[in-house]
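The values are calculated or read from the model by the stated rules, or taken from the named source; none is laboratory data. Since the structure is predicted, the reported quantities are computational estimates derived from the model, not experimental observations. Every residue, glycine as well, gets a Cβ built from its backbone with ideal geometry; the counts of neighbours run over all protein chains shown.
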Amino acid sequence: MATADPSVGPPAGLPAEGGRPDAAASLLRRPPPPGYLEAWAERVRERPAAAVRDLVSFGFFRLGAETFALETRHVVEVRPLARMRPVPGRTNPVFLGLVSLRGVIHLAASLHALFGVEAASTPPPTARLLVVERPGQRWAAVVDEVVGFDRVEAAAVQGAQVTVAKAAVHFTDGVLRTPRGPVARVEAGRLFEGLARSLQ
Amino acid sequence: MTPPADDLAGASLYDLFRAEVEQHVAVLEQGLVGLEAAPGDLSRIEPLMRAAHSVKGAARIVGLTEAVALAHAMEDLLVAAQQGRAVLASEAVDALLAGTDVLRRVGGIPQDEAASWLTSPAAGTEGLVRRLRSAEHGVPPPPTEAATGRGGTGGTPPAPLAPPAPPPPAAADGASRREATAGRAPAGPVRVSAEGLTRMLAYAGEGVVQARRLAAHADQLEGLRRGLDRLASHVERTAERLRKESLGPRAREAVQVLRGEVAALRQEMAARSEAFDLSVRQGADVAGRLYREVLESRLRPFGEGLSAYPRLVRDLSRELGKQVRLEVVGRDVPVDRDILEALEAPLNHMVRNALDHGLEGPEERLSRGKEPFGRLRIEARHHAGMLEIRVADDGRGIDLPAVRRRIVDRGMVMEEIARSFTEDELLEFLFLPGFSTAREVTQVSGRGVGLDVVQTMAREAGGHVRAERRAAGGTAFVMTLPITRSVVRVALVEIAGEPYGLPLTQIDRIVRVEAAEVLTVEGRQAFAHDGRVVGLVPAAEVLGAQGRTRGGEGVTAVLVRGGRDVYGLVVDRYVGEQTFDVRTLDPRLGKVANVSAAALDDRGDPILILDVQDLLRSIDQLLHEGGLRTVRAAAGQADRAARRVRRILVVDDSITVREVERKLLANRGYAVDVCVDGADAWNALRSQAYDLVLTDVDMPRMDGIELLRRIREDARLGRLPVMIVSYKDRPEDRMRGLEAGANAYVTKSSFHEDALVREVLHLVGEPRVEEDEGEEGPP
């Protein structure tokens, strides 16, 4: 901190202080220009101009050639594929069996089977377990790729269809506009119902 | 997230009081009975006195005045006894026990009712206090109290009745309370919710698995290090060779740099690898210790579950007019807390049984040359990796001829067969519901409900129970249980290519049956073992999985026993014995047939633990339905496909039609599911695999034609056989259906059983897939 220079007098308009004016203090004590306070008060009082766009976070995953979007609030985590153990008498094309994630046993499901998308005979290296959840129902779903997570406008275009797989139509309720192009939005309720059904 | 119910951190003062009372009451009860047996042993009084004192203090904190008075009277009596001013004979002990009962009951009453209950005549606190005070001063109790018929204390000369001791001054009380707190061992028990403990165990187990995975990484790192070493020596050799060449200074420098870099890297790698190794070992060590500690915290000493028994035996034997001495061996044997809890009821039954039926009264015993008091012994021990609990008495023993007679009298078996039964086989009958050789039903037992309940409970806990006749006379019941439910020792086997665990407590043994030893008895395969014919059952078929039996080499069979039936469950191979950490199955699965729980194997992958009881039921079912296929143990036979049942989906909005169609097909042997309209069916088709769809045309939400169109357009379902069953019988309707892609069109007017079933047979084939078909079925 520079010491006060005694040769510099107090700036005009300020009362001199006992002989050794401090530059910083004098700056802070300087009266604001006229109208300054009122202008800022007005600014703060104003509501933000335009409403923020209604953005919702979605997780994007791929099954075969199709990409789907599921609200991130239903996604718990993404895990690498793990060995699945079939349950005798209960396993079916959708319910693949038990899988252990971090020491906790989960139920594994094939979204390919549920959505009617043809699955490759061996999973691609990008394949992952997408762990999805609705209160009380957690599933580890096999997907070909987890493309990413993004915030997009929640409002989806109804009626338009981008999916080729006819079965998937039942589980989707519209198309989202994303920077990657149009993506089918998964209707969470129907998804979990379909999964639950596979346990019967 | 709400904290679990017994998490004391959020408990109220009253809850703490109740917890404390529970603890002290247990001490009092056990100690008092022991004291009665050895009245001269003054050292036993100290803990009782402290317990009464603690209850007094706790009751004072929550303001239950009557309880304070009661506990105070008990404490004073005990102090008097300790100082030799009073003698604790039966009456005194009775009074103390009665006081303990009242205190226990207070601990079970909600807070707002406690005070009023204590002052009510039902509690009888006032009378009790009087009894206790009388005993303390060696004065015979007032006549009303002596109505129970037991004598007064007597013994000590009557002392002048001192006025009840005034409440001690506050300061002294504070000091004694502090002393009591200090006296309470710092290493006392802590309450944790059962779920919390289970979670801890799961995480600890996972920690061990992760440590093992890390060890694998450490090995790989070691491999890298060796690779680097090889690279380094390669570089050295190349540098040597280059030195002999004439190289320019820049090249020489480059070689030097290279050598330097590689050498540095090698050193670094060696250091890192060693450090990582050490870390991994330490991690594994800690994980292992944590796991074992958490596991052990699930274990409680066996004696903890026996606190009520001395009292029970004492009261019961007095009621029956018998004299019984209870011996407990193995109080410290560790038992899983869940099992300890599950043991309560069966032990109770067995003890009552022994007291009521097994042991004789003193006169009868004397007449037989025995000591007048009977001995009842409860013993716990670990044997062959399992927990064994014996309840033995030296009483009359089981009257085998009477059992034999009873079996015949009740028409259970024919006399000749009954005569041929061995002792073991006869004893098994004791465990049948409603079986009792008691002549009268007493209040204690004899209703014939006791022993079968014991067996059910033993099985539910994962073990079994058997009866034994002791050589020296008397009876013993032996329960074999797993030491802990949370960890189970299994025989690891492979069935249809997947690993499964069979709990050791539920199987007899595993045997290898050579091809030549396989017999065919009544159309089923079996082999001779231990003098009996044991049926062979392919485990894969019991589970409904695709079996993979190889021909020619013989089979591995796991012997399982259900009552008096023994079966040999044929598995692919036996891998070995292993211990697994049990996980409950996801509740959404509901009850999974034949499976009891899941576990994680060494590599952290899920593995299923089978339920032998369930398997036996499934075997029974299979045998009755005649669906059991034979085990291929003879040489040179090809694999057979398992006989899967074909599944049909019936879709119709009329409940009657649905039922009729379903019954028709189910009776023929198909598996049938029903749906109420096209949309419902479309959902079902996508989550389940079906061999055929039977659908109506006119239905709400989605009609049959639309359903059919969707099926035909679907990649997976496209070729699914669909039969339309409709009232519409005009040619154009039939055309429409067939054009939409139906394989068959059947009208309901021409509907009668044969037609429908014949059409179905024609479309998909028999209910069970035949051996020479693929999964497709006939075209």
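Exactly one residue out of A:A65, A:A119, A:A51 is modelled with pLDDT under 90, away from chain B (no Cβ under 14 Å) and farther than 30 Å from B:Q210 by Cβ, and it is A:A51. The set of residues in segment B:293-346 that are assigned to a loop (DSSP other than H, G, I, E, B), free of Cβ contacts under 8 Å to residues at least 60 places away in the same chain and surrounded by fewer than 16 Cβ atoms within 10 Å (Cβ to Cβ) comprises B:G321, B:Q323, B:R331, B:D332. Could you list all residues from segment B:671-726 that are more than 24 Å from A:G189 (Cα to Cα) and either part of a helix (DSSP H, G or I) or among the hydroxyl-bearing types (S, T, Y) (or both)? Passing the criteria: B:Y690, B:T695, B:G704, B:I705, B:L708, B:R709, B:R712, B:E713, B:S726. When the criteria are applied in full, B:V351 meets the requirement of being closer than 24 Å to B:E428 by Cβ and in contact with a strand residue (DSSP E or B) (Cβ under 7 Å, 6 or more places away or on another chain).
Select from segment B:686-703 the residues that are within 14 Å of another protein chain (Cβ to nearest Cβ) and of a type outside the set (S, T, N, Q) and write down the one among them that is nearest to the chain's Cα centre (by Cα). Looking at residues that are within 14 Å of another protein chain (Cβ to nearest Cβ) and of a type outside the set (S, T, N, Q), I get B:A689.
Test B:A204 against the criterion of being away from every other protein chain (no Cβ under 14 Å), surrounded by 14 or more Cβ atoms within 10 Å (Cβ to Cβ) and either under 38 Å from the mean Cα position of the chain (by Cα) or part of a helix (DSSP H, G or I) (or both), and give yes or no. Spelling it out, it is not the case that B:A204 is away from every other protein chain (no Cβ under 14 Å), surrounded by 14 or more Cβ atoms within 10 Å (Cβ to Cβ) and either under 38 Å from the mean Cα position of the chain (by Cα) or part of a helix (DSSP H, G or I) (or both). Note on segment B:256-296: residues that are touching a Lys or Arg at 6+ places or on another chain (Cβ under 8 Å) and hydrophobic (A, V, I, L, M, F, W, C) total 3.
Yes or no, residue by residue, for (1) surrounded by 11 or more Cβ atoms within 10 Å (Cβ to Cβ); (2) closer than 19 Å to B:V286 by Cα; (3) at pLDDT 80 or above:
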site: B:M200; (1), (2), (3): yes, yes, yes
site: B:L214; (1), (2), (3): yes, yes, yes
site: B:E222; (1), (2), (3): yes, no, yes
site: B:A232; (1), (2), (3): yes, no, yes
site: B:P249; (1), (2), (3): no, no, yes
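For segment B:519-528, filtering for residues that are out of contact with any Ser or Thr (no Cβ under 9 Å at 6 or more places or on another chain) and not charged (D, E, K, R) leaves 4.
Scanning segment B:367-388 for residues that are surrounded by fewer than 13 Cβ atoms within 10 Å (Cβ to Cβ) and either in a strand (DSSP E or B) or in contact (Cβ under 8 Å) with a residue 40 or more places away in the chain (or both) yields B:H383, B:G385.
Tallying residues that are within 11 Å of chain A (Cβ to nearest Cβ), of a type in the set (D, E, K, R) and outside any strand (DSSP E or B) within segment B:574-602 yields 4. Examine segment B:603-622 for a residue that is more than 12 Å from every other protein chain (Cβ to nearest Cβ), within 30 Å of B:D336 (Cα to Cα), under 24 Å from the mean Cα position of the chain (by Cα) and of a type in the set (D, E), and state whether such a residue exists. Within segment B:603-622 (the criterion being more than 12 Å from every other protein chain (Cβ to nearest Cβ), within 30 Å of B:D336 (Cα to Cα), under 24 Å from the mean Cα position of the chain (by Cα) and of a type in the set (D, E)), the answer is no, since none of the residues qualifies.
For segment A:171-197, filtering for residues that are surrounded by 21 or more Cβ atoms within 10 Å (Cβ to Cβ) and basic (K, R) leaves 1. Counting only strands (runs of 3 or more DSSP E) that sit completely within segment A:83-157, those holding 3 or more residues that are surrounded by fewer than 17 Cβ atoms within 10 Å (Cβ to Cβ) correspond to A:145-153. As a summary of the residue check, B:A516 satisfies the conditions (1) modelled with pLDDT of 80 or more; (2) in contact with a Ser or Thr (Cβ under 7 Å, 6 or more places away or on another chain) except for the one numbered (2). Which one is modelled with the lowest pLDDT, of the residues in segment B:737-752 that are outside any loop (DSSP other than H, G, I, E, B) and surrounded by 13 or more Cβ atoms within 10 Å (Cβ to Cβ)? Here the answer is B:T747. Just one of (1) hydrophobic (A, V, I, L, M, F, W, C); (2) within 12 Å of chain A (Cβ to nearest Cβ); (3) farther than 14 Å from B:A742 by Cβ fails for B:V676. It is (2). I'd like to verify a number: residues in segment A:68-104 that are within 7 Å of another protein chain (Cβ to nearest Cβ) and over 26 Å from the mean Cα position of the chain (by Cα), how many? Residues that pass the stated criteria total 12.
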